[in-house]
1. Would you check if residue 203 is in contact (Cβ under 8 Å) with a residue 24 or more places away in the chain and loosely packed, with under 13 Cβ neighbours inside 10 Å?
2. Considering only residues that are surrounded by 19 or more Cβ atoms within 10 Å (Cβ to Cβ) and modelled with pLDDT under 95, which ones fall in the range 57-89?
3. Looking at 217, 135, 167, can you tell me which residue is surrounded by 13 or more Cβ atoms within 10 Å (Cβ to Cβ) and in contact with a Cys (Cβ under 8 Å, 6 or more places away or on another chain)?
4. If I ask for residues that are under 20 Å from residue 160 (Cβ atoms) and either crowded, with 18+ Cβ neighbours inside 10 Å or among the aromatic types (Phe, Trp, Tyr) (or both), which ones from the range 38-56 would you list?
5. Could you go through the range 267-282 and let me know if any residue there is near the ligand (Cβ under 10 Å from one of its atoms) and in contact with a Cys (Cβ under 8 Å, 6 or more places away or on another chain).
Amino acid sequence: MIQINIPFALKLHAYGLMRLQDPNWTSLDLFDFFKRYARKRESPFFFHNFEERGVLYHLGLLIYDEFVICDNRFDLQDCEDLSWYLETLIDFLIAGEVSPADKWISRAKNITESIDSLFNKSEEKEYYRRIDKTRYTLRRVHNEITDCYSDKIKELGSVYAANYSDRVLHDRQLCAFIAQLLVMIGFDGNEDLKGNPQQWVVRKNIPAWAKKTIYSRDRGKCAICNTDIILELSENDHIDHIIPLARGGCNDVVNLQLLCQKCNLKKSDTLLDITSSIPPYITRRL
Ligand SMILES: [Zn+2]
(Lines give C-alpha, C1' and ligand atoms only; values in the text may rest on other atoms or scores of the structure.)
Protein backbone atom coordinates (compact mmCIF):
# COMPACT_ATOMS: atom_id res chain seq x y z
CA MET A 1 0.00 0.00 0.00
CA ILE A 2 1.24 3.47 -0.89
CA GLN A 3 2.47 5.46 2.09
CA ILE A 4 1.61 9.11 2.42
CA ASN A 5 4.75 11.20 2.78
CA ILE A 6 3.64 13.50 5.59
CA PRO A 7 6.09 16.39 4.96
CA PHE A 8 4.88 16.43 1.36
CA ALA A 9 1.21 16.35 2.40
CA LEU A 10 1.80 19.26 4.82
CA LYS A 11 3.64 21.30 2.22
CA LEU A 12 0.81 20.65 -0.22
CA HIS A 13 -1.70 21.95 2.30
CA ALA A 14 0.46 25.01 3.03
CA TYR A 15 0.83 25.69 -0.68
CA GLY A 16 -2.94 25.38 -1.04
CA LEU A 17 -3.53 27.95 1.73
CA MET A 18 -1.19 30.35 -0.04
CA ARG A 19 -3.03 29.91 -3.34
CA LEU A 20 -6.45 30.29 -1.73
CA GLN A 21 -5.38 33.68 -0.35
CA ASP A 22 -4.33 34.94 -3.79
CA PRO A 23 -7.26 36.72 -5.50
CA ASN A 24 -5.55 36.42 -8.90
CA TRP A 25 -5.47 32.67 -8.55
CA THR A 26 -8.96 32.24 -7.13
CA SER A 27 -10.59 34.45 -9.73
CA LEU A 28 -8.70 33.00 -12.71
CA ASP A 29 -7.24 29.50 -12.23
CA LEU A 30 -9.70 28.28 -9.61
CA PHE A 31 -12.63 29.89 -11.41
CA ASP A 32 -11.75 28.29 -14.77
CA PHE A 33 -11.03 24.92 -13.22
CA PHE A 34 -14.37 24.67 -11.40
CA LYS A 35 -16.59 26.49 -13.88
CA ARG A 36 -16.94 23.45 -16.15
CA TYR A 37 -18.23 21.38 -13.23
CA ALA A 38 -20.55 24.15 -12.10
CA ARG A 39 -22.03 24.30 -15.59
CA LYS A 40 -22.38 20.52 -15.62
CA ARG A 41 -20.18 20.28 -18.65
CA GLU A 42 -18.09 17.68 -16.89
CA SER A 43 -18.98 14.85 -14.57
CA PRO A 44 -18.99 14.32 -11.59
CA PHE A 45 -21.61 16.99 -11.05
CA PHE A 46 -20.42 18.14 -7.68
CA PHE A 47 -21.69 21.55 -6.58
CA HIS A 48 -25.07 20.14 -7.70
CA ASN A 49 -24.83 16.66 -6.15
CA PHE A 50 -23.09 15.45 -3.03
CA GLU A 51 -20.06 13.52 -4.26
CA GLU A 52 -17.42 11.88 -2.09
CA ARG A 53 -14.87 13.07 -4.62
CA GLY A 54 -16.33 16.54 -4.68
CA VAL A 55 -15.04 20.08 -4.28
CA LEU A 56 -12.22 19.41 -1.82
CA TYR A 57 -10.93 16.38 -3.68
CA HIS A 58 -10.81 18.27 -6.97
CA LEU A 59 -9.32 21.33 -5.31
CA GLY A 60 -6.67 18.96 -3.93
CA LEU A 61 -5.96 17.66 -7.44
CA LEU A 62 -5.61 21.19 -8.82
CA ILE A 63 -3.23 22.26 -6.05
CA TYR A 64 -1.31 18.98 -6.32
CA ASP A 65 -0.77 19.37 -10.06
CA GLU A 66 0.55 22.88 -9.58
CA PHE A 67 2.72 21.94 -6.64
CA VAL A 68 4.34 18.91 -8.26
CA ILE A 69 4.86 20.21 -11.75
CA CYS A 70 5.54 23.79 -10.64
CA ASP A 71 6.62 25.06 -14.06
CA ASN A 72 6.64 28.67 -13.01
CA ARG A 73 7.29 28.39 -9.33
CA PHE A 74 11.07 28.39 -9.42
CA ASP A 75 13.06 30.79 -11.50
CA LEU A 76 16.69 30.26 -12.25
CA GLN A 77 17.67 33.05 -9.90
CA ASP A 78 16.39 31.14 -6.92
CA CYS A 79 17.71 27.63 -7.20
CA GLU A 80 18.13 27.13 -3.47
CA ASP A 81 14.36 26.64 -3.26
CA LEU A 82 14.49 24.25 -6.20
CA SER A 83 17.20 22.21 -4.51
CA TRP A 84 15.08 21.92 -1.36
CA TYR A 85 12.04 21.09 -3.41
CA LEU A 86 13.91 18.31 -5.24
CA GLU A 87 14.62 16.67 -1.89
CA THR A 88 10.93 16.83 -1.03
CA LEU A 89 10.02 15.40 -4.43
CA ILE A 90 12.45 12.48 -4.13
CA ASP A 91 11.14 11.50 -0.69
CA PHE A 92 7.59 11.78 -1.97
CA LEU A 93 8.30 9.49 -4.94
CA ILE A 94 10.20 6.96 -2.85
CA ALA A 95 7.25 6.83 -0.41
CA GLY A 96 5.16 6.23 -3.55
CA GLU A 97 7.19 3.10 -4.30
CA VAL A 98 9.68 4.49 -6.80
CA SER A 99 13.08 2.86 -6.40
CA PRO A 100 15.77 5.10 -4.88
CA ALA A 101 18.23 3.41 -7.28
CA ASP A 102 16.48 4.74 -10.40
CA LYS A 103 18.72 6.89 -12.58
CA TRP A 104 17.18 10.33 -12.07
CA ILE A 105 16.27 9.74 -8.45
CA SER A 106 19.80 8.76 -7.49
CA ARG A 107 21.21 11.61 -9.56
CA ALA A 108 18.94 14.12 -7.81
CA LYS A 109 19.89 12.64 -4.45
CA ASN A 110 23.60 12.97 -5.20
CA ILE A 111 23.31 16.60 -6.24
CA THR A 112 21.14 17.72 -3.36
CA GLU A 113 23.22 15.79 -0.81
CA SER A 114 26.43 17.36 -2.07
CA ILE A 115 24.83 20.83 -1.81
CA ASP A 116 23.53 20.01 1.70
CA SER A 117 26.92 18.79 2.87
CA LEU A 118 28.42 22.23 2.10
CA PHE A 119 25.68 23.89 4.12
CA ASN A 120 26.24 21.46 7.00
CA LYS A 121 29.95 22.25 6.95
CA SER A 122 29.11 25.98 7.09
CA GLU A 123 30.91 26.62 3.83
CA GLU A 124 28.52 29.35 2.92
CA LYS A 125 30.40 30.79 -0.03
CA GLU A 126 30.97 27.40 -1.61
CA TYR A 127 27.35 26.41 -0.87
CA TYR A 128 25.92 29.31 -2.88
CA ARG A 129 28.56 28.89 -5.59
CA ARG A 130 27.56 25.23 -5.99
CA ILE A 131 23.86 26.08 -6.20
CA ASP A 132 24.64 28.73 -8.80
CA LYS A 133 26.83 26.33 -10.77
CA THR A 134 24.27 23.51 -10.76
CA ARG A 135 21.19 25.61 -11.48
CA TYR A 136 20.69 24.19 -15.01
CA THR A 137 21.33 20.67 -13.80
CA LEU A 138 18.83 21.08 -10.95
CA ARG A 139 16.26 22.34 -13.42
CA ARG A 140 16.97 19.51 -15.87
CA VAL A 141 16.81 16.81 -13.18
CA HIS A 142 13.50 18.24 -11.98
CA ASN A 143 12.11 18.21 -15.54
CA GLU A 144 13.36 14.67 -16.17
CA ILE A 145 11.78 13.41 -12.95
CA THR A 146 8.39 14.99 -13.64
CA ASP A 147 8.50 13.56 -17.21
CA CYS A 148 9.79 10.11 -16.31
CA TYR A 149 7.33 9.62 -13.48
CA SER A 150 4.33 11.41 -14.94
CA ASP A 151 2.16 8.27 -14.64
CA LYS A 152 3.25 7.68 -11.05
CA ILE A 153 2.67 11.35 -10.20
CA LYS A 154 -0.83 11.09 -11.68
CA GLU A 155 -1.55 7.91 -9.71
CA LEU A 156 -0.35 9.49 -6.45
CA GLY A 157 -2.50 12.56 -7.13
CA SER A 158 -5.68 10.79 -6.05
CA VAL A 159 -4.07 9.63 -2.79
CA TYR A 160 -2.82 13.11 -1.88
CA ALA A 161 -6.01 14.83 -3.04
CA ALA A 162 -8.01 12.60 -0.69
CA ASN A 163 -5.58 13.37 2.14
CA TYR A 164 -5.86 17.08 1.33
CA SER A 165 -9.68 16.83 1.47
CA ASP A 166 -9.52 15.44 5.01
CA ARG A 167 -7.10 18.12 6.20
CA VAL A 168 -9.31 20.90 4.87
CA LEU A 169 -12.61 19.37 5.93
CA HIS A 170 -11.32 19.23 9.52
CA ASP A 171 -11.33 23.06 9.57
CA ARG A 172 -14.91 24.35 9.35
CA GLN A 173 -13.82 27.97 8.98
CA LEU A 174 -11.55 27.12 6.07
CA CYS A 175 -14.42 25.16 4.49
CA ALA A 176 -16.68 28.20 4.83
CA PHE A 177 -14.01 30.38 3.24
CA ILE A 178 -13.82 27.99 0.27
CA ALA A 179 -17.61 27.66 0.06
CA GLN A 180 -17.81 31.46 -0.18
CA LEU A 181 -15.21 31.51 -2.97
CA LEU A 182 -17.31 29.02 -4.90
CA VAL A 183 -20.41 31.22 -4.91
CA MET A 184 -19.20 33.35 -7.79
CA ILE A 185 -18.04 30.32 -9.75
CA GLY A 186 -21.53 28.91 -10.07
CA PHE A 187 -23.26 32.21 -10.29
CA ASP A 188 -23.92 33.44 -13.81
CA GLY A 189 -24.84 37.02 -13.16
CA ASN A 190 -28.50 36.84 -12.14
CA GLU A 191 -28.19 38.92 -9.05
CA ASP A 192 -31.11 40.08 -6.97
CA LEU A 193 -32.06 43.74 -6.48
CA LYS A 194 -29.39 44.15 -3.84
CA GLY A 195 -26.70 42.66 -6.10
CA ASN A 196 -26.51 39.33 -4.26
CA PRO A 197 -25.93 36.10 -6.18
CA GLN A 198 -29.01 33.91 -6.40
CA GLN A 199 -29.62 30.20 -6.11
CA TRP A 200 -28.08 28.11 -8.90
CA VAL A 201 -28.31 24.57 -7.47
CA VAL A 202 -31.44 22.61 -6.59
CA ARG A 203 -31.86 21.35 -3.04
CA LYS A 204 -30.98 17.64 -2.85
CA ASN A 205 -31.25 15.04 -0.13
CA ILE A 206 -28.05 14.86 1.83
CA PRO A 207 -26.71 11.30 1.57
CA ALA A 208 -25.95 9.25 4.68
CA TRP A 209 -22.16 9.32 4.13
CA ALA A 210 -22.17 13.14 4.03
CA LYS A 211 -24.28 13.41 7.21
CA LYS A 212 -22.02 10.97 8.98
CA THR A 213 -18.95 12.91 7.89
CA ILE A 214 -20.36 16.21 9.17
CA TYR A 215 -21.56 14.68 12.47
CA SER A 216 -18.10 13.30 12.94
CA ARG A 217 -16.26 16.52 12.01
CA ASP A 218 -18.53 18.59 14.27
CA ARG A 219 -18.38 15.92 17.00
CA GLY A 220 -22.15 15.73 17.24
CA LYS A 221 -22.36 19.30 18.50
CA CYS A 222 -24.21 22.31 17.15
CA ALA A 223 -21.69 24.57 15.40
CA ILE A 224 -23.38 27.68 16.79
CA CYS A 225 -24.46 26.95 20.38
CA ASN A 226 -22.33 23.84 21.02
CA THR A 227 -25.34 21.82 22.24
CA ASP A 228 -24.63 18.12 22.12
CA ILE A 229 -27.15 16.74 19.65
CA ILE A 230 -25.95 13.17 19.31
CA LEU A 231 -29.19 12.03 20.92
CA GLU A 232 -31.12 13.64 18.10
CA LEU A 233 -29.35 11.68 15.39
CA SER A 234 -32.62 10.40 14.00
CA GLU A 235 -33.63 13.86 12.85
CA ASN A 236 -32.65 14.77 9.31
CA ASP A 237 -32.84 18.51 9.15
CA HIS A 238 -29.92 19.51 11.34
CA ILE A 239 -27.39 19.60 8.56
CA ASP A 240 -27.13 23.20 7.47
CA HIS A 241 -25.76 24.75 4.27
CA ILE A 242 -23.17 27.24 5.59
CA ILE A 243 -23.79 29.45 2.55
CA PRO A 244 -27.55 29.04 2.05
CA LEU A 245 -28.58 27.71 -1.37
CA ALA A 246 -30.67 30.86 -1.80
CA ARG A 247 -27.46 32.88 -1.56
CA GLY A 248 -25.46 30.90 -4.09
CA GLY A 249 -24.27 28.07 -1.80
CA CYS A 250 -23.62 24.61 -3.26
CA ASN A 251 -24.40 20.98 -2.47
CA ASP A 252 -21.08 19.71 -1.19
CA VAL A 253 -19.72 18.71 2.22
CA VAL A 254 -17.47 21.79 2.09
CA ASN A 255 -20.67 23.82 2.56
CA LEU A 256 -22.21 21.83 5.42
CA GLN A 257 -22.24 22.10 9.18
CA LEU A 258 -24.19 20.56 12.03
CA LEU A 259 -26.76 22.71 13.81
CA CYS A 260 -29.33 22.02 16.49
CA GLN A 261 -32.94 22.51 15.50
CA LYS A 262 -33.22 25.79 17.36
CA CYS A 263 -30.17 27.36 15.70
CA ASN A 264 -31.13 25.90 12.34
CA LEU A 265 -34.55 27.56 12.43
CA LYS A 266 -33.07 30.83 13.65
CA LYS A 267 -30.37 30.87 10.99
CA SER A 268 -32.67 30.07 8.05
CA ASP A 269 -31.27 31.80 4.94
CA THR A 270 -28.88 34.14 6.69
CA LEU A 271 -25.10 34.17 6.69
CA LEU A 272 -23.55 33.89 10.12
CA ASP A 273 -19.96 33.86 11.35
CA ILE A 274 -18.60 30.35 11.38
CA THR A 275 -17.22 28.94 14.59
CA SER A 276 -14.03 26.91 14.64
CA SER A 277 -14.26 23.12 14.45
CA ILE A 278 -10.74 22.79 15.85
CA PRO A 279 -10.84 22.08 19.58
CA PRO A 280 -9.23 24.79 21.74
CA TYR A 281 -6.36 22.58 22.94
CA ILE A 282 -4.06 25.45 23.83
CA THR A 283 -6.35 28.48 23.90
CA ARG A 284 -8.50 26.80 26.55
CA ARG A 285 -5.49 26.92 28.87
CA LEU A 286 -4.48 30.52 28.21
ZN1 LIG B 1 -27.52 25.32 18.38
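The values are calculated or read from the model by the stated rules, or taken from the named source; none is laboratory data. No experiment lies behind these values; they were computed from the predicted model shown. Methodologically, a virtual Cβ is constructed for each residue, glycine included, from the backbone with ideal geometry; neighbour enumeration extends over all protein chains shown.
1. On the way: in contact (Cβ under 8 Å) with a residue 24 or more places away in the chain: yes; loosely packed, with under 13 Cβ neighbours inside 10 Å: yes.
For residue 203, the condition - in contact (Cβ under 8 Å) with a residue 24 or more places away in the chain and loosely packed, with under 13 Cβ neighbours inside 10 Å - is met.
2. 67, 68, 74, 79, 82, 83, 85, 86, 89
3. On the way: 217 fails: in contact with a Cys (Cβ under 8 Å, 6 or more places away or on another chain); 167 fails: in contact with a Cys (Cβ under 8 Å, 6 or more places away or on another chain).
Just a single option satisfies the conditions, and that option is 135.
4. Here is the first cut: in the range 38-56, the residues under 20 Å from residue 160 (Cβ atoms) are 44, 46, 51-56.
Scanning the range 38-56 gives 46, 51, 54, 55, 56.
5. Within the range 267-282 (the criterion being near the ligand (Cβ under 10 Å from one of its atoms) and in contact with a Cys (Cβ under 8 Å, 6 or more places away or on another chain)), the answer is no, since none of the residues qualifies.
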